[in-house]
Number of protein chains: 4
Amino acid sequence: MGEKIGFIGLGNMGHEMANNLLQSGYDLTVYNRTASKAKSLVEKGAQLVQQPAGAATPGGIIVSMVANDQVLEEIVSSQGFLAHLEPGGIHLSMSTVSPLTARELARLHEQHHSSYVAAPVFGRPDAAAARKLWICLAGPPAAKERVQPLLQAMGQGTFDFGTDPGAANIVKLCGNFLMISSMEAMAEALTLAEKSGLDRSTVVDMLTHTIFATPSYQNYGQMIAQKRHMPAGFRQSLGLKDVNLVREVAEHTSTPMPFASVLHDRMLAGIARGRGDMDWSALSLNVLEEAGLELPHSE
Amino acid sequence: MGEKIGFIGLGNMGHEMANNLLQSGYDLTVYNRTASKAKSLVEKGAQLVQQPAGAATPGGIIVSMVANDQVLEEIVSSQGFLAHLEPGGIHLSMSTVSPLTARELARLHEQHHSSYVAAPVFGRPDAAAARKLWICLAGPPAAKERVQPLLQAMGQGTFDFGTDPGAANIVKLCGNFLMISSMEAMAEALTLAEKSGLDRSTVVDMLTHTIFATPSYQNYGQMIAQKRHMPAGFRQSLGLKDVNLVREVAEHTSTPMPFASVLHDRMLAGIARGRGDMDWSALSLNVLEEAGLELPHSE
Amino acid sequence: MGEKIGFIGLGNMGHEMANNLLQSGYDLTVYNRTASKAKSLVEKGAQLVQQPAGAATPGGIIVSMVANDQVLEEIVSSQGFLAHLEPGGIHLSMSTVSPLTARELARLHEQHHSSYVAAPVFGRPDAAAARKLWICLAGPPAAKERVQPLLQAMGQGTFDFGTDPGAANIVKLCGNFLMISSMEAMAEALTLAEKSGLDRSTVVDMLTHTIFATPSYQNYGQMIAQKRHMPAGFRQSLGLKDVNLVREVAEHTSTPMPFASVLHDRMLAGIARGRGDMDWSALSLNVLEEAGLELPHSE
Amino acid sequence: MGEKIGFIGLGNMGHEMANNLLQSGYDLTVYNRTASKAKSLVEKGAQLVQQPAGAATPGGIIVSMVANDQVLEEIVSSQGFLAHLEPGGIHLSMSTVSPLTARELARLHEQHHSSYVAAPVFGRPDAAAARKLWICLAGPPAAKERVQPLLQAMGQGTFDFGTDPGAANIVKLCGNFLMISSMEAMAEALTLAEKSGLDRSTVVDMLTHTIFATPSYQNYGQMIAQKRHMPAGFRQSLGLKDVNLVREVAEHTSTPMPFASVLHDRMLAGIARGRGDMDWSALSLNVLEEAGLELPHSE
């Protein structure tokens, strides 16, 4: 029988990750704001608790996968588990949050004699289900060592970026920034092609099976070519949140990033036009509008 | 013994492509402004001529791979082979030029009872040498059919974009635009990472072996991470030329492209600071400068 | 009885300028593509000719005020007056054209033993009518001296930028660039104010009667505040032409200009959405659209 | 003998404003973090106190002119005068702060039965000394009425933007945004002119005495033309702060502002290169650098 692990945050991603831990034999205690989402996990043996603090045990490991910085701060400190984890416990924090938040939380854990391990991930829910996440890791060496088996149960590879707890989150933000940059570039290129009389799908098919033969270019390329941005894999409002995290670090480090500025203005225009709940690739619709093209009827 | 083919333009790319045609048994007549570059091809059996027109035979095929629109127009019309190709000849034009130029030249060939086949390629000189080019094709159906064997001798795959002679060039420009966009995005991301205390190579290694596992991201990513932009695989001045071709089509079709504007301003700043002969990935050096970082000594 | 002067180009601006020369006692020979526009001038004593060349006399002065570079080149060379002006004649060229065109035409005049004086102007038709134009001057000293009385009959002040014929046009382009920049800035600011619940006109009234108390800010500010961009004082398609002239010089001199890039993309989006014939201040409508605001019904 | 007034914040601006109130006969109690700056005011009869709270009297008026939002919040609440102003007192808040901060503070005052009147100003220290400030006003009608005599003692004109306490600050931010936009536009234009062989000062002289004949264009135009940005009238780091306040409102209201993005990136690059303490017009130096021009030796 496995080690007892707390797991907080059962959204699209977290649910799959928790399920994999359960399948790998861990004894799971779970918490989610909307308790009903824990149902299938409970049926498989997980124990549901009513407060974040209930998921923690002194010296144990607690995994979190929540929506944003504010929720993360809440489950840790204000109404949180921080006092219940010490001494010697580990918080394996897998959400995409600000590096500044990660550093602040790491300090807080240290004051409470526990460890904060940052481990944000790349991959969508299907990758999470298939234990195919890519994991960025940062934190105290001993704690990182101890969580290895959990990481292996959730991902296909882990990359260690040292002891600065903010480092893993910066890499995660860099990756998201590259992804949304590639979408804007494809949106502009395909609009140019369409206005030149070419078929969007034919163009993107070629480019994403030759010089850009990766799933990310292929998947988002097809969505952008076909102007289909519902249902959302990752909402544009969350995409803007991530671009704003990038800009926050840019401000903090005095790093001018003109692509980030264009992306910000683009996604903000999408929000202004009511597209916050569409997939973040829907930034492409504003490219179409600026070029004077009709949007698909469903938008 | 093979068909007689004319080949004009023996730069880094053209030389390898001509060599492959020769190896495949074609009877090659070559022309290059700097005749000395034909030496090794002549040794292998190619015939060298002193004028572009000398490479053409009535009803034959002539392949061109030259530096820019102006040179292409010169070898065709002002001092060129146009009158020597008719009737029924084919000009297989593989350079990266403006779609507007391609359309204009196609009209000109039609008036002279020959065919213009646009076939710009993706791939650097090593890919050309290995017959691994990706080819974008557009032009009259019969002519495209007739040049198939030549394309197979030079590339690993051909994608047909119909009869508009400008279409193939638009796809080529879209591809180059995606590539230089990915470089700017990596340059901004790695500068953000460096100013946050991370190691550039470690970051790019992870990202280009997980979510962006393509040679283009890997190769340019390493150059940008290591701040090495010499020797140039493709010069920044040529990169700016291609961005300007993109902008020309954008203007012609009323397609606003803010990423193209950022890239233009970025590369123009590189030219202004004397970096036109460095690799086009050297746009990254201006990202470093804006962030107040020191450039490597060699720059 | 005054000196005999040729005048080519009787658009909104040229008509008023020619009229002032006539009122000042000059003996005017006029040419316009649409001859009917010369009617009221002919009634006041001007002589109408059917070809540009007819407006020129050897050693005389010819004034031109035409729509763009291409028309200017046509009236001078291909079908033009160049051969009829020599020896010793002067072409007082008052249109807004590229500095590169100005330099090229100056060379051409020199070869034909006449002088090209560049004298583009600031001011709208009402300022032209009131002899209130501001004039940028460049060219050969003796020729500049000789045209002084004409300039005084058309403007309220002349600024001499030396002998480079392109210099006056660069100053003119700089001025237009400042004007359209101020419009984009006002459009963004007033949209921010509107979305914050403020009244656009009240805000612009204050700002343009305190820190920006100039007619240009006041007039364009009111148009932008009230979302009224018809009838066009200066069409957006011409505004884009001028921004493109700025960008041409920027390219030629390796000067990155990010504001010019934003303005280009903004006005191109206006053209793409069918607003080329509205006033150039209509770039503001695209700012509104991006912010998700409704456009006025008349647009 | 005049009404008793508290005044907090004796920087370059506040000192002159306080002095004018004193000259107009008000009985002034002053507070400043660095008490020595109150010296000359005390010599003229002002009373110096050691805490912000000491400047407040129940039902009285307190004027504040401080550096940023954080300081304003501190003097009001955490260590502040809020509890000492009620009932019926007025806080006349003249600093440039976020409209969100203004709204929050207005709520806080209301809870404490006092009034928050927002009254940010346009003008530099010399304008403050000459009672020539332009004042943006917003707040509860009765309170605005009561502070009229004070406003007349400090400015040359007041513009009322209603009861939303954030409104006055939005207008102030719009004005600063227009000013810094005009500086970027001039910097780009003059660099284009310089690279074309023209003299920067001659160009700016013409433009700012004809189509842009306002002190703001003239003063900043000369600084930019002559590349003189020390001593700072308003530091670039504060300019960036204001642009960031603009962007905060833009985010809050979903208003894409591409000029604000360019300005942000430009000024952040200036900070990155160590120019935060130069005048905000020093954003021009980064325009020069991007164009490959040498900076003046003193930079």
Discussion item. Quick check on this structure: which one of D:SER254, D:SER281 is among the hydroxyl-bearing types (Ser, Thr, Tyr), within 17 Å of the chain's Cα centre (by Cα) and more than 14 Å from chain B (Cβ to nearest Cβ)?
Written reply: D:SER281
Practice prompt. Of the conditions (1) over 14 Å from C:PHE7 (Cα atoms); (2) of a type in the set (Ser, Thr, Tyr); (3) assigned to a loop (DSSP other than H, G, I, E, B), C:SER36 clears all except one; give me its number.
Written response: (3)
Discussion item. Being within 30 Å of C:GLY155 (Cβ to Cβ) and part of a helix (DSSP H, G or I) is the requirement here; does D:THR191 meet it?
Written reply: yes
Practice prompt. Can you give me the number of residues within the stretch B:129-167 that are touching an Asp or Glu at 6+ places or on another chain (Cβ under 6 Å) and assigned to a helix (DSSP H, G or I)?
Written response: 1
Worksheet item: Do we have any residue at all in the stretch D:162-184 that's under 23 Å from the mean Cα position of the chain (by Cα) and more than 11 Å from chain C (Cβ to nearest Cβ)?
Response: yes
Response to the item:
The number of residues in the stretch D:121-134 that are within 19 Å of C:ALA213 (Cβ to Cβ), of a type outside the set (A, V, I, L, M) and under 12 Å from the mean Cα position of the chain (by Cα) is 4
Discussion item. Residues that are touching a His at 6+ places or on another chain (Cβ under 7 Å) and not assigned by TED's automatic domain parsing to the domain that holds C:ALA142: does the stretch C:192-211 have at least one?
Written reply: no
Worksheet item: With (1) without any contact (Cβ under 8 Å) to a residue 40 or more places away in the chain; (2) within 22 Å of D:LEU100 (Cα to Cα) as the list, and D:ASP265 as the residue in question, which single condition is left unmet?
Response: (2)
Discussion item. Would you confirm whether or not the stretch B:137-150 contains a residue that is within 12 Å of another protein chain (Cβ to nearest Cβ) and in contact with a Leu (Cβ under 9 Å, 6 or more places away or on another chain)?
Written reply: yes
Worksheet item: Listed residues D:SER201, D:SER237, D:SER254, D:SER284; which is hydroxyl-bearing (Ser, Thr, Tyr), at negative phi and in contact with a Gly (Cβ under 8 Å, 6 or more places away or on another chain)?
Response: D:SER237
Worksheet item: What are the residues in the stretch D:242-251 that are within 12 Å of another protein chain (Cβ to nearest Cβ) and crowded, with 20+ Cβ neighbours inside 10 Å, if any?
Response: D:VAL243, D:LEU245, D:VAL246, D:ARG247, D:VAL249, D:ALA250
Worksheet entry | Counted residues, the stretch A:187-209 - those being within 7 Å of another protein chain (Cβ to nearest Cβ) and buried (at least 20 other Cβ atoms within 10 Å of the Cβ) | 11
Discussion item. Being in contact (Cβ under 8 Å) with a residue 40 or more places away in the chain and farther than 27 Å from B:PHE234 by Cβ is the filter here; which residues of the stretch B:66-80 pass it?
Written reply: none
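Conditions tested, residue by residue: (1) more than 23 Å from D:PRO149 (Cβ to Cβ); (2) part of a loop (DSSP other than H, G, I, E, B).
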{"residue": "D:MET17", "(1), (2)": "no, no"}
{"residue": "D:LEU21", "(1), (2)": "no, no"}
{"residue": "D:GLY45", "(1), (2)": "no, yes"}
{"residue": "D:ALA67", "(1), (2)": "yes, yes"}
{"residue": "D:VAL71", "(1), (2)": "yes, no"}
{"residue": "D:ALA83", "(1), (2)": "yes, no"}
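Residue-wise test of (1) at pLDDT 95 or above; (2) out of contact with any Gly (no Cβ under 6 Å at 6 or more places or on another chain).
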position: A:GLY9; (1), (2): yes, yes
position: A:HIS15; (1), (2): yes, yes
position: A:LEU21; (1), (2): yes, yes
position: A:SER24; (1), (2): yes, yes
position: A:THR29; (1), (2): yes, no
position: A:ASN32; (1), (2): yes, yes
position: A:ALA35; (1), (2): no, yes
position: A:LEU41; (1), (2): yes, yes
position: A:GLN47; (1), (2): yes, yes
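When you scan the stretch B:287-297, do you find a residue that is surrounded by fewer than 24 Cβ atoms within 10 Å (Cβ to Cβ), under 19 Å from B:ASN68 (Cα atoms) and in contact (Cβ under 8 Å) with a residue 24 or more places away in the chain, even just one?
no
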Worksheet entry | Hits in the stretch B:215-237 - residues which are under 17 Å from B:SER182 (Cα atoms), part of a helix (DSSP H, G or I) and either under 19 Å from the mean Cα position of the chain (by Cα) or more than 14 Å from chain A (Cβ to nearest Cβ) (or both) | B:PRO215, B:SER216, B:TYR217, B:ASN219, B:TYR220, B:GLN222, B:MET223, B:GLN226, B:GLN236
Worksheet item: Condition test on C:ASP126, is it among the acidic types (Asp, Glu) and in a loop (DSSP other than H, G, I, E, B)?
Response: no
Worksheet, complete the sentence: Taking the stretch A:150-186 and keeping only residues that are surrounded by fewer than 23 Cβ atoms within 10 Å (Cβ to Cβ), over 19 Å from B:HIS209 (Cβ atoms) and free of Cβ contacts under 8 Å to residues at least 40 places away in the same chain, one is left with A:THR163
Discussion item. I'd like to know if the stretch D:88-98 contains one or more residues that are polar (S, T, N, Q) and either part of a helix (DSSP H, G or I) or surrounded by fewer than 21 Cβ atoms within 10 Å (Cβ to Cβ) (or both).
Written reply: no
Worksheet item: Could you list, in sequence order, the residues of the stretch D:187-223 that are within 21 Å of C:ALA127 (Cβ to Cβ) and in contact (Cβ under 8 Å) with a residue 40 or more places away in the chain?
Response: none
Practice prompt. May I ask you to list the residues in the stretch B:81-94 that are without any contact (Cβ under 8 Å) to a residue 40 or more places away in the chain and not hydroxyl-bearing (Ser, Thr, Tyr)?
Written response: B:LEU82, B:ALA83, B:HIS84, B:LEU85, B:GLU86, B:PRO87, B:GLY88, B:GLY89, B:HIS91
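The values are calculated or read from the model by the stated rules, or taken from the named source; none is laboratory data. Treat the numbers as computed from the prediction; the structure is a model and nothing was measured. As a convention, Cβ positions derive from the backbone with ideal geometry for all residues, glycine included, and neighbour counts pool all protein chains shown.
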